[in-house]
Amino acid sequence: MKQKNEITGVGLGLRWEFIDEILERKPELAFVEISPENYIGRGGWYDAALERAMDVWPIVTHGLTMSLGGVDPLREDYLADLRRFLERTKSPWHSDHLCFSTYGGVVLHELLPIPFKRSEVARVADRIKRAQDAIGVPLAIENVSFYLHPGKPEMTEAEFVARVCEAADCGLMLDVNNAWVNATNFGWDVDEWMRTVPLDRVVQMHVAGHDWFTEGDFVLGERPADLSKARGEMMIVDTHGNDVAAEVLALLERTLEKTGPVPVLLERDQSIPPLDVLLAEVRRIEEVWNRACARHLRQSSGRPAGAEEAARR
Amino acid sequence: MTASERLQAMIAKACFGKDAEATFDADLAGFLAAHGVPSEDAEALLASPRRLRLYRRLVRHNVTGVIAAILERTRARLEAWAPGELDRMIDGFLDEVGPRTPHLRDVPSELLAFAAPRWRARIREASDGSLSGQASGAERPALPPWIVDYAELELLEFTIGVAPRPPAPPPLADVSVERPLVFSDPKRIVRFDWAVNRVPADDVRAEPERRPVDLLVYRDAEHRTRILELTPLAAAILERLFSGKPLGASMVEACEAKGHPLDDEVLAGAARLLADLGERGVLLGARAD
């Protein structure tokens with residue numbers, strides 16, 4: 001399933017911490033992303049803020065609790081509410097995570113890993129197809145950060161992502177930070193990872209910051225000087241609480257050169273800085289985005305540098 | 001159970017089980033075996049022996065974080081009066097029931113539904129003398145007797161503030177005694193044994209006066225939650241009006257229920273109340289049909 005993205009460029013995840021200020025200032029953003037769970041069934045100030053945001057920017061939605069990898073039945077009430085919400089916000093696609101977050105009717109409110117097994121591919125793909133049918137818009141799955149293998153892996157994470165996308169015929173919400181975090185924590189080649197996942201299915205990308213913690217007692221620490229020697233002593237947790245790391249931006253750039261102009265979103269959920277600082281980070285990502293997409297255009301058109309504008313026309 | 005079910009059951013237990021951390025810290029292989037995790041999967045988990053603890057922390061951080069944010073004032077008072085009590089109650093809630101809602105913001109409501117009857121029972125036992133009024137051991141500090149009322153009002157302030165947008169009101173007419181009245185939503189009348197609405201928010205040691213209060217909790221046009229203290233008779237009238245009874249019948253029934261004559265004083269008081277509610281945007285008018 002290939003998506004025709006009308007939304008492109010760099011967007012920002014809308015958060016309560018700065019929603020009043022951003023709605024007042026209305027900075028130029030390609031789009032904003034919201035989590036339906038924060039708005040469904042909610043009125044008052046939150047609902048009014050959503051209405052105002054919809055007047056200013058295109059909205060894309062990113063869910064948290066679909067539990068696509070779960071063994072509990074998909075929640076039909078949630079999916080019905082979500083479908084109505086997607087109709088209201090006119091989100092061109094919806095994304096959620098390749099993980100589980102419920103068990104036995106209990107919602108764990110975290111993105112928990114599933115094993116990379118052949119039997120899981122078909123099981124999870126079937127759930128994705130049914131969820132996609134229920135919500136009425138294309139569904140994209142996000143690769144999550146994970147910190148342990150919850151079962152003997154029968155393939156790599158990238159192979160698992162690729163097979164699930166293929167079997168479900170769904171989109172990929174490519175989280176570049178998660179890919180880098182997992183590769184660094186487990187010690188694999190992130191570029192090989194990127195060569196394995198189906199980049200032609202990417203509908204959107206995420207970038208975010210992360211933090212380093214000591215192994216075992218999980219105390220916030222400093223980024224190690226030599227990452228290759230950090231394993232076993234330090235690990236990364238995907239906190240969304242820091243600036244995007246230089247390596248993640250570089251990986252984003254390399255990936256965008258291959259995908260072309262896919263929309264990219266900056267996520268920030270903890271230690272949220274003043275809005276001007278966040279917007280400056282959006283602009284830095286836009287520079288990366290523009291540079292990479294121009295290179296992609298040159299490569300795909302086979303024309304020399306400087307011919308992008310003509311090619312666009 | 002399938003292998004997937006066993007793995008997910010094990011992780012859920014590791015995250016929410018009361019004593020799970022001590023158990024898997026002491027013997028991870030035994031913990032995995034007890035949950036029926038096949039040996040080859042257990043081997044993969046044992047390769048990162050400390051990471052299960054990380055997931056437990058992440059999961060619990062999310063849940064406790066939203067409870068601390070939405071029940072912020074209740075939490076501060078519990079910490080001042082009965083340190084550790086909220087954490088112990090959260091532990092019990094996660095272990096015995098767990099969140100059922102896909103909306104993180106609704107977890108504090110689920111927690112309070114679990115905690116309120118348990119706290120009330122302890123407060124009753126303490127006041128009956130079956131437990132010491134002081135702490136009955138390190139595990140069971142004395143609870144302030146007004147804490148459940150306080151927590152319920154704080155939660156209601158949040159839930160009224162975020163309640164779904166109401167449908168458009170029906171056609172309106174001028175207020176008259178034979179017509180039902182139309183009010184804005186969301187709103188609710190609640191009754192507490194303690195005047196918890198009068199406690200200064202920033203003084204965790206302040207105690208409410210012990211007297212019954214009837215409160216109208218509503219959302220104003222600027223989406224702020226407002227609290228209006230009512231007389232018992234005003235609350236009785238409004239409850240009937242909110243249920244759709246006409247103004248005249250509501251006043252007659254409420255006066256009968258409260259043993260109060262329907263005299264000029266009541267009529268004047270009701271007129272003032274309705275005028276006030278009109279100014280607050282709560283009373284919209286009377287039903288036209």
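In the set (1) modelled with pLDDT of 95 or more; (2) of a type outside the set (S, T, N, Q); (3) in contact with a strand residue (DSSP E or B) (Cβ under 8 Å, 6 or more places away or on another chain), A:Met1 fails one condition alone, (1). Candidates are the residues of the stretch B:1-38 that are hydrophobic (A, V, I, L, M, F, W, C), within 23 Å of A:Arg231 (Cα to Cα) and in contact (Cβ under 8 Å) with a residue 24 or more places away in the chain; the one that is surrounded by the fewest Cβ atoms within 10 Å (Cβ to Cβ) is B:Leu28. Whenever a residue of the stretch A:187-215 is among the small types (Gly, Ala, Ser), its partners that are buried (at least 22 other Cβ atoms within 10 Å of the Cβ) and part of a helix (DSSP H, G or I), lying with C-beta atoms within less than 6 angstrom and at least six residues away or across chains, give the pairs A:Ala208/A:Asn177.
Which pairs do you get when a residue that is over 21 Å from B:Leu274 (Cα atoms), found in the stretch B:159-174, comes within reach of a residue that is of a type in the set (Lys, Arg) and exposed (fewer than 14 other Cβ atoms within 10 Å of the Cβ), reach meaning Cβ atoms under 8 angstrom, with the pair 6+ apart or on two chains? Every condition considered, the pairs that remain are B:Gly161/B:Arg224. Within the stretch B:206-224, take every residue that is surrounded by 13 or more Cβ atoms within 10 Å (Cβ to Cβ) and of a type in the set (A, V, I, L, M, F, W, C) and give me the one that is nearest to the other protein chains (Cβ to nearest Cβ). Among them, the one singled out is B:Val217.
When the residues of the stretch A:68-105 are filtered to those that are part of a helix (DSSP H, G or I) and basic (Lys, Arg), which remaining residue is farthest from the other protein chains (Cβ to nearest Cβ)? For the stretch A:68-105, the residue satisfying everything is A:Arg83. Do the conditions hold for B:Ala121, that is, is it modelled with pLDDT of 95 or more, over 24 Å from A:Asp77 (Cβ atoms) and surrounded by 21 or more Cβ atoms within 10 Å (Cβ to Cβ)? Considered against the rule, which asks whether it is modelled with pLDDT of 95 or more, over 24 Å from A:Asp77 (Cβ atoms) and surrounded by 21 or more Cβ atoms within 10 Å (Cβ to Cβ), B:Ala121 comes out as no.
If only residues of the stretch B:42-67 that are of a type in the set (Ser, Thr, Tyr) and assigned to a helix (DSSP H, G or I) are counted, the one that is nearest to A:Pro115 (Cα to Cα) is B:Tyr55. Checking each residue in the stretch A:285-303 for being in contact with a helix residue (DSSP H, G or I) (Cβ under 8 Å, 6 or more places away or on another chain) and in contact (Cβ under 8 Å) with a residue 40 or more places away in the chain picks out A:Ile285, A:Trp289, A:Ala292, A:His296, A:Gln299. Among the residues of the stretch A:106-131, just one is away from chain B (no Cβ under 14 Å) and crowded, with 21+ Cβ neighbours inside 10 Å, namely A:Ile128. Give the stretch A:193-215 a look and list any residue that's more than 14 Å from chain B (Cβ to nearest Cβ) and β-branched (Val, Ile, Thr), or say none. Of everything in the stretch A:193-215, those that are more than 14 Å from chain B (Cβ to nearest Cβ) and β-branched (Val, Ile, Thr) turn out to be A:Thr196, A:Val197, A:Val202, A:Val203, A:Val207. The residue list B:Ala80, B:Ala151 contains one member that is away from every other protein chain (no Cβ under 14 Å), surrounded by fewer than 17 Cβ atoms within 10 Å (Cβ to Cβ), at pLDDT 95 or above and under 30 Å from A:Trp45 (Cβ atoms), which is B:Ala80.
Conditions tested, residue by residue: (1) of a type outside the set (Asp, Glu); (2) surrounded by 14 or more Cβ atoms within 10 Å (Cβ to Cβ); (3) at pLDDT below 95.
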{"site": "A:Met234", "(1), (2), (3)": "yes, yes, yes"}
{"site": "A:Leu278", "(1), (2), (3)": "yes, yes, no"}
{"site": "A:Val282", "(1), (2), (3)": "yes, yes, no"}
{"site": "A:Ala311", "(1), (2), (3)": "yes, no, yes"}
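Evaluated against (1) within 14 Å of chain B (Cβ to nearest Cβ); (2) at positive phi; (3) at pLDDT 95 or above; (4) surrounded by fewer than 17 Cβ atoms within 10 Å (Cβ to Cβ), A:Gly187 falls short on exactly one condition, (3).
Scan the stretch B:177-205 residue by residue and report those that are surrounded by 15 or more Cβ atoms within 10 Å (Cβ to Cβ) and not in a loop (DSSP other than H, G, I, E, B).
Taking the stretch B:177-205 first, the residues surrounded by 15 or more Cβ atoms within 10 Å (Cβ to Cβ) are B:179-187, B:189-190, B:192, B:194-197, B:199, B:204.
Listed by number, the residues that qualify are B:Pro180, B:Leu181, B:Val182, B:Phe183, B:Lys187, B:Ile189, B:Val190, B:Phe192, B:Val196, B:Asn197.
Evaluate the stretch B:225-238: report whether one residue or more is within 14 Å of another protein chain (Cβ to nearest Cβ) and either assigned to a strand (DSSP E or B) or farther than 22 Å from B:Pro261 by Cα (or both). Yes, that holds for at least one residue.
Hey, could you check the stretch A:37-67 for residues that are part of a loop (DSSP other than H, G, I, E, B) and either among the aliphatic types (A, V, I, L, M) or more than 10 Å from chain B (Cβ to nearest Cβ) (or both) and say which is surrounded by the fewest Cβ atoms within 10 Å (Cβ to Cβ)? Walk me through how you get there before you give the answer.
Within the stretch A:37-67, the subset part of a loop (DSSP other than H, G, I, E, B) is A:39-43, A:57-58, A:63-67.
With the extra rule that they be either among the aliphatic types (A, V, I, L, M) or more than 10 Å from chain B (Cβ to nearest Cβ) (or both), the set shrinks to A:40, A:57-58, A:64, A:66.
Working: A:Ile40: 17, A:Trp57: 21, A:Pro58: 21, A:Leu64: 21, A:Met66: 30.
If we take residues in the stretch A:37-67 being part of a loop (DSSP other than H, G, I, E, B) and either among the aliphatic types (A, V, I, L, M) or more than 10 Å from chain B (Cβ to nearest Cβ) (or both), then A:Ile40 is surrounded by the fewest Cβ atoms within 10 Å (Cβ to Cβ).
I need the full set of residues from the stretch B:39-57 which are within 8 Å of chain A (Cβ to nearest Cβ) and surrounded by fewer than 21 Cβ atoms within 10 Å (Cβ to Cβ), in order please. Working first, answer last.
Of the residues in the stretch B:39-57, the ones within 8 Å of chain A (Cβ to nearest Cβ) are B:40-41, B:43-45, B:47-48, B:50-55, B:57.
Scanning the stretch B:39-57 gives B:Glu40, B:Glu43, B:Ala44, B:Ala47, B:Ser48, B:Arg50, B:Arg53, B:Leu54, B:Arg57.
Do we find that B:Thr74 is more than 7 Å from chain A (Cβ to nearest Cβ), of a type in the set (Ser, Thr, Tyr), surrounded by fewer than 19 Cβ atoms within 10 Å (Cβ to Cβ) and within 20 Å of the chain's Cα centre (by Cα) in this structure? The answer is no for B:Thr74.
Out of B:Pro102, B:Pro171, B:Pro166, I need the residue that is at pLDDT below 95 and within 21 Å of B:Ile70 (Cβ to Cβ). Which one? Working first, answer last.
Numbers: B:Pro171 fails: within 21 Å of B:Ile70 (Cβ to Cβ); B:Pro166 fails: within 21 Å of B:Ile70 (Cβ to Cβ).
On inspection, the qualifying residue turns out to be B:Pro102.
The values are calculated or read from the model by the stated rules, or taken from the named source; none is laboratory data. What you see is a predicted model, and the numbers here were worked out from it, not measured in a lab. Don't worry about glycine lacking a Cβ; one is built from the backbone with ideal geometry, like all the others, and counts go over all protein chains shown.
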